Amino acid sequence: MKNILALTAILVFQGLMAQQKHWEIKKLDEIRLNVTADDNHPYKDNIELSGKRVSGIVSYDIDENRDVTVSREIFFPQLRTFLKTNDPDWKAYRAYLKNTYSDDILPSIAVGDRIYVPGPVSEVIINGMLTLKHEAVNGITLTRTFYPSMSERLFVEQWTMTNTGASTVILKGGDKETISKTEGAKGSYTIYVDSNIKSQVSLAPNESYTFSIGISATMNNEERIQITDKEFYGERMEFLAEMKNSLELVTPDATLNTLFGFSKIRASESIFESKLGLTHSPGGGRYYVGFWANDQAEYVGPFFPYLGYATGNEASLNVYRIFDKETNDAYTNLPYSFEMEGDAPKSTLDRGDAAMIAYGAAQFALASGDKNIAKELWPLITWCLEYNRRQLNDEGVVASESDEMEGRIATGTANLSTSSLYYGALGLAVNLGRSLNVNGRELQTYSKQAKTLKKAIEAYFGATIEGIDTYKYYKEHTKLRHWICLPLVVGINDRKEGTIKALFEKLWSENGVHVEKNDENKAISEIFWDRGTLYALRGTFLAGNTEESLEKLDEFSTKRLLGDRVPYVVEAYPEGNMAQLSAESGLYCRVFTEGVFGIVPTGLHSFKSTPRLPKKWDHMALKRIKAFGEDFDIYVERKGKKLHVKVVDDENKTIFDRYIREGNTIHVNFK
């Protein structure tokens, strides 16, 4: 009995720790860790920060004395290295020029006759950069800010030292410059670690001195990158200002607003120059200068037109164009990824990628509001639709060898994900085709195919599992799988009550929706991928399950923003150890654009919206939406038993203004 009580106490304690909030929202675009609080040290975490030619994963480990150890894992994605003679061949896919740097790279600073050692950390701040604030030592406080250059092969650690004493202090700086050279696949690479610290600085009381440590790389005869002042800090600030001033979420919930803002940053910063053109890549220490049908074409590509981020739109268009070049008259499957700037061998595994691409490309084309882009992508979309039609099995659902999990877990010969995405793509293609004046018979064919497919999805995948009327993931499947949410996402609500119950009562955990509920294989039951949670929340909001969805969204968002692994949604666990892959942040934003606000494109310049205003909110808004070739705001306000919905353009002209009942859908046409 004592053992049982002890075990129960441990489990309760672990549960409390798992749910504990460490961080607080300092202002809309900033979170703060008060390290002086007893329950906030020891503490350790890491954050990824990216620019077009560099990515850095900065790990900070604060001990019980509040002393911090910093590790900087720096990647130069375009600079591919040679493999070692004993390396396995697969390492070529991850052979980025990279290294990990400890605090040994920091310059030596003398304060009087003592070598300066940073004092205990008092707070950590995240706001699109990482800042550590140290308490005063010998009257000198220190603020350290980490950020990438947005344009160069350079990662920066900026120090600001402030004299808090009553008398002038002399600082003497000793730079620790290191230069390392190596040969790689593109020629000669040189990595420089240095600083622009002055040899001597006089600090009067309350005066500050700022200098920077840089980790940079050059290729062949490129000029060495020099930090002269705060030019790269200004560059990062410009990017963050653009994120802040585009697609702003306004709700009474500061956690949701802030994580939405952070998600715009992470989704947008992970775009790299490459031989393929601008390329959005997942990041996470593993995936750079390459793209995938799911991450880029399906998850994040359709988000950028709403954000209006030109770099993101260009990178997404590149993805669709490159996939389009792979279409063929024989209708053999498309490669699911292009890695190593397109130099990697193309995979022949069919993961249902044509469905992913059709679904994502149609959404992107519609939301772009650009007829020329839509015309350009139409052949890719229709090719993918025809490919899926040719893959229909005898029962009328789409056969594929796998899904985006790539064999990590069984998917059968036809899975719910591929057929659901194909169904969604058919409906979007009809709307896009109308805007392009496509032959009516062709569009009628797509409509008929969608109706037939919907029936086949019900007949083939509809099932009772654990007493719940929902879906099985493939024909022989007997467990609950996270992707049962996808029919809700694409507007199939036949089994919505059971599916929502399965997602929120059976599959839900402190880390959102787990991949599968599998009592026979506990290891599978412990796996979670945030993409499943984000699709689930989008689908349940779309289906009208507003109150419970908000409760789950709040719980999940609080953990990701203010818990012990912050400040972004993540890829997965245990795989990747909760790496901060970037496309998932795009999916987080889409919970709101397409879930809470229920925006569904109906044409190049039109959309429908079913706003889901939770009962405890009296208002919500999405401001500066750049989709459909426009720049507009959506305001939703509770007025008695009705919702007041207003759409206003950037010149403050009212496009739509109406009172509707909860659950009603509005239709907005700009032209």
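Check the range 143-150 and report whether any residue there is outside any loop (DSSP other than H, G, I, E, B), farther than 24 Å from ARG94 by Cβ, modelled with pLDDT under 95 and in the same structural domain as ALA110 (by TED's automatic domain parsing).
no
From LEU488, LEU480, grab the single residue that is surrounded by 24 or more Cβ atoms within 10 Å (Cβ to Cβ), assigned by TED's automatic domain parsing to the domain that holds TYR535 and either at pLDDT below 95 or within 13 Å of ALA543 (Cα to Cα) (or both).
Working: LEU480 fails: either at pLDDT below 95 or within 13 Å of ALA543 (Cα to Cα) (or both).
Matching residue, one of LEU488, LEU480: LEU488.
Looking at (1) buried (at least 24 other Cβ atoms within 10 Å of the Cβ); (2) without any contact (Cβ under 8 Å) to a residue 12 or more places away in the chain; (3) not basic (Lys, Arg), can you tell me which one ASN372 breaks?
For ASN372, the failing item is (1).
Take GLU222 and decide whether it is under 20 Å from MET150 (Cβ atoms) and free of Cβ contacts under 8 Å to residues at least 60 places away in the same chain. Don't jump to the end; show me each part of the working.
On the way: under 20 Å from MET150 (Cβ atoms): yes; free of Cβ contacts under 8 Å to residues at least 60 places away in the same chain: yes.
Yes: the conditions hold for GLU222.
With the checklist (1) more than 25 Å from the chain's Cα centre (by Cα); (2) surrounded by fewer than 21 Cβ atoms within 10 Å (Cβ to Cβ) in hand, flag the one item GLU73 doesn't pass.
Checking GLU73 against (1) more than 25 Å from the chain's Cα centre (by Cα); (2) surrounded by fewer than 21 Cβ atoms within 10 Å (Cβ to Cβ), the one that fails is (1).
Conditions: (1) out of contact with any Leu (no Cβ under 9 Å at 6 or more places or on another chain); (2) not in a loop (DSSP other than H, G, I, E, B). PRO601 meets all but one. Number of the miss?
Condition (1) is where PRO601 drops out.
Is it the case that some residue within the range 379-390 is at pLDDT 95 or above and touching a Gly at 6+ places or on another chain (Cβ under 6 Å)? Give the steps one after another, and end with the answer.
Looking only at the range 379-390, we keep the residues that are at pLDDT 95 or above, and these are 379-390.
Next, only the ones that are touching a Gly at 6+ places or on another chain (Cβ under 6 Å) stay: none.
No, that holds for no residue.
Is it the case that the range 577-588 has a residue that's touching a residue at least 60 places away in the same chain (Cβ under 8 Å) and more than 15 Å from the chain's Cα centre (by Cα)?
Of the range 577-588, the ones touching a residue at least 60 places away in the same chain (Cβ under 8 Å) are 579-588.
Then drop every residue that is not more than 15 Å from the chain's Cα centre (by Cα), which leaves none.
Within the range 577-588 (the criterion being touching a residue at least 60 places away in the same chain (Cβ under 8 Å) and more than 15 Å from the chain's Cα centre (by Cα)), the answer is no, since none of the residues qualifies.
Which of the residues belonging to the range 404-443 are in a helix (DSSP H, G or I), of a type in the set (Val, Ile, Thr) and touching a Leu at 6+ places or on another chain (Cβ under 9 Å)?
Here is the first cut: in the range 404-443, the ones in a helix (DSSP H, G or I) are 416-435, 440-443.
Narrowing further to those that are of a type in the set (Val, Ile, Thr): 418, 430.
Hit for the range 404-443 is VAL430, nothing else.
Considering only residues that are outside any helix (DSSP H, G or I) and aromatic (Phe, Trp, Tyr), which ones fall in the range 233-250?
Across the range 233-250, there are no qualifying residues.
Which one is surrounded by the fewest Cβ atoms within 10 Å (Cβ to Cβ), of the residues in the range 491-511 that are in contact (Cβ under 8 Å) with a residue 12 or more places away in the chain and acidic (Asp, Glu)?
Of all residues in the range 491-511, those in contact (Cβ under 8 Å) with a residue 12 or more places away in the chain come to 491-504, 506-511.
Remaining after also requiring acidic (Asp, Glu): 494, 497, 510.
Numbers: ASP494: 15, GLU497: 14, GLU510: 12.
If we take residues in the range 491-511 being in contact (Cβ under 8 Å) with a residue 12 or more places away in the chain and acidic (Asp, Glu), then GLU510 is surrounded by the fewest Cβ atoms within 10 Å (Cβ to Cβ).
Looking at the range 274-290, can you tell me whether even one residue there is surrounded by fewer than 24 Cβ atoms within 10 Å (Cβ to Cβ) and assigned to a helix (DSSP H, G or I)?
No, the conditions are met nowhere in the range 274-290.
Considering GLU183, GLU207, GLU177, which residue is acidic (Asp, Glu) and over 24 Å from TYR147 (Cα atoms)?
Working: GLU207 fails: over 24 Å from TYR147 (Cα atoms); GLU177 fails: over 24 Å from TYR147 (Cα atoms).
Exactly one of GLU183, GLU207, GLU177 is acidic (Asp, Glu) and over 24 Å from TYR147 (Cα atoms), namely GLU183.
Given the options SER216, SER199, name the one that is without any contact (Cβ under 8 Å) to a residue 60 or more places away in the chain and in the same structural domain as SER167 (by TED's automatic domain parsing). Show your work before the answer.
Numbers: SER216 fails: without any contact (Cβ under 8 Å) to a residue 60 or more places away in the chain.
Just a single option satisfies the conditions, and that option is SER199.
Return yes or no: is GLU64 in a strand (DSSP E or B), surrounded by fewer than 18 Cβ atoms within 10 Å (Cβ to Cβ) and not assigned by TED's automatic domain parsing to the domain that holds GLU273? Walk me through it before giving the result.
Values: in a strand (DSSP E or B): no; surrounded by fewer than 18 Cβ atoms within 10 Å (Cβ to Cβ): yes; not assigned by TED's automatic domain parsing to the domain that holds GLU273: yes.
Judged against the criteria, GLU64 is not a match.
Applying the selection to the range 175-232, what residues are of a type in the set (A, V, I, L, M), assigned to a loop (DSSP other than H, G, I, E, B) and surrounded by 12 or more Cβ atoms within 10 Å (Cβ to Cβ)? Can you show your working first?
To start, the set of residues in the range 175-232 that are of a type in the set (A, V, I, L, M) comprises 179, 185, 191, 193, 197, 201, 203-204, 213, 215, 217, 219, 225, 227.
Now narrow it down to the ones that are assigned to a loop (DSSP other than H, G, I, E, B): 185, 197, 204, 225, 227.
Correct list: ALA185, ILE197, ILE225, ILE227.
Can you name the residue in the range 331-351 that is in contact with a strand residue (DSSP E or B) (Cβ under 8 Å, 6 or more places away or on another chain) and not in a loop (DSSP other than H, G, I, E, B) and, of all such residues, is nearest to GLY277 (Cα to Cα)?
My answer is GLU341.
Quick one: in the range 84-129, which of the residues that are more than 27 Å from the chain's Cα centre (by Cα) and of a type in the set (S, T, N, Q) is surrounded by the most Cβ atoms within 10 Å (Cβ to Cβ)?
Step by step, filter the range 84-129, then rank; the result is SER122.
Just give me the residues in the range 228-237 being touching a residue at least 12 places away in the same chain (Cβ under 8 Å) and under 30 Å from the mean Cα position of the chain (by Cα), in sequence order. First the steps, then the outcome.
Taking the range 228-237 as the starting set, the residues that turn out to be touching a residue at least 12 places away in the same chain (Cβ under 8 Å) are 228, 230, 232-233, 235-236.
Answer for the range 228-237, where residues must be touching a residue at least 12 places away in the same chain (Cβ under 8 Å) and under 30 Å from the mean Cα position of the chain (by Cα): LYS230, PHE232, TYR233, GLU235, ARG236.
Return the pairs, sorted by first residue and then second, in which the second residue is of a type in the set (Val, Ile, Thr) and assigned to a strand (DSSP E or B), the first residue lies in the range 512-538 and is more than 16 Å from THR411 (Cα to Cα), the beta carbons are less than 6 Å apart, and the residues are 6+ apart or on different chains.
THR533/VAL513; ALA536/VAL513
Pick out, from the range 453-542, the helices (runs of 4 or more DSSP H) lying fully within it that include 2 or more residues that are under 21 Å from VAL569 (Cβ atoms) and under 20 Å from the mean Cα position of the chain (by Cα). Before the answer, list the steps.
Details: elements: 486-489, 496-501, 522-525, 530-542.
Result: 486-489, 530-542.
Scan the range 251-272 for residues that are buried (at least 17 other Cβ atoms within 10 Å of the Cβ) and either in a strand (DSSP E or B) or not hydrophobic (A, V, I, L, M, F, W, C) (or both) and report the count.
Residues of the range 251-272 that are buried (at least 17 other Cβ atoms within 10 Å of the Cβ), as a first pass: 251, 253, 255-272.
Imposing the further condition that a residue be either in a strand (DSSP E or B) or not hydrophobic (A, V, I, L, M, F, W, C) (or both) reduces the set to 251, 253, 255, 257-258, 261, 263-264, 266, 268-272.
Looking only at that region, the number is 14.
Within the range 223-275, count every residue that is under 25 Å from ASP649 (Cβ atoms) and of a type in the set (Phe, Trp, Tyr).
Selection size over the range 223-275: 1.
Evaluate the range 610-623: report whether one residue or more is more than 23 Å from GLY539 (Cβ to Cβ) and basic (Lys, Arg). Reasoning before the result, please.
Step one: list which residues in the range 610-623 are more than 23 Å from GLY539 (Cβ to Cβ), which gives 618-619, 623.
Applying the additional criterion that residues be basic (Lys, Arg) yields 623.
Yes.
Residue-by-condition table, conditions (1) within 30 Å of TYR573 (Cβ to Cβ); (2) in the same structural domain as TYR93 (by TED's automatic domain parsing); (3) at pLDDT 95 or above:
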{"site": "ASP229", "(1), (2), (3)": "no, yes, no"}
{"site": "THR255", "(1), (2), (3)": "yes, no, yes"}
{"site": "LYS264", "(1), (2), (3)": "yes, no, yes"}
{"site": "LEU276", "(1), (2), (3)": "no, no, yes"}
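Yes/no per residue for (1) assigned to a helix (DSSP H, G or I); (2) touching a helix residue (DSSP H, G or I) at 6+ places or on another chain (Cβ under 8 Å):
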site	(1), (2)
ALA297	yes, yes
PRO302	yes, yes
ASP324	yes, yes
TYR359	yes, yes
LYS375	yes, no
ARG389	yes, yes
SER402	no, no
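Conditions (1) within 29 Å of PHE262 (Cα to Cα); (2) in contact (Cβ under 8 Å) with a residue 40 or more places away in the chain, marked per residue:
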site: ASP39; (1), (2): yes, no
site: LYS52; (1), (2): yes, yes
site: ASP61; (1), (2): yes, no
site: ARG80; (1), (2): no, yes
site: TYR101; (1), (2): yes, yes
site: GLU123; (1), (2): yes, yes
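How many of the residues making up the range 572-596 are in a loop (DSSP other than H, G, I, E, B), buried (at least 24 other Cβ atoms within 10 Å of the Cβ) and not aliphatic (A, V, I, L, M)? Working first, answer last.
So the first thing to find is which residues in the range 572-596 are in a loop (DSSP other than H, G, I, E, B), and the list is 574, 578-582.
Then drop every residue that is not buried (at least 24 other Cβ atoms within 10 Å of the Cβ), which leaves 580-582.
So of that shortlist, the ones also not aliphatic (A, V, I, L, M) come out as 580, 582.
So the answer is 2.
Step by step: first the residues of the range 137-186, then only those that are of a type in the set (A, V, I, L, M) and more than 18 Å from THR210 (Cβ to Cβ), then the one that is nearest to the chain's Cα centre (by Cα). Which residue is that? Don't jump to the end; show me each part of the working.
At the first step, the residues of the range 137-186 found to be of a type in the set (A, V, I, L, M) are 137, 140, 142, 150, 154, 156, 161, 166, 169-171, 179, 185.
With more than 18 Å from THR210 (Cβ to Cβ) added as a condition, the list becomes 150, 166, 179, 185.
Details: MET150: 18, ALA166: 47, ILE179: 34, ALA185: 30 Å.
Selected residue: MET150.
The values are calculated or read from the model by the stated rules, or taken from the named source; none is laboratory data. If you're wondering where the values come from, they're calculated on a predicted model, not measured in any experiment. Cβ: placed from backbone, ideal geometry, glycine included. Neighbour counts: every protein chain shown.
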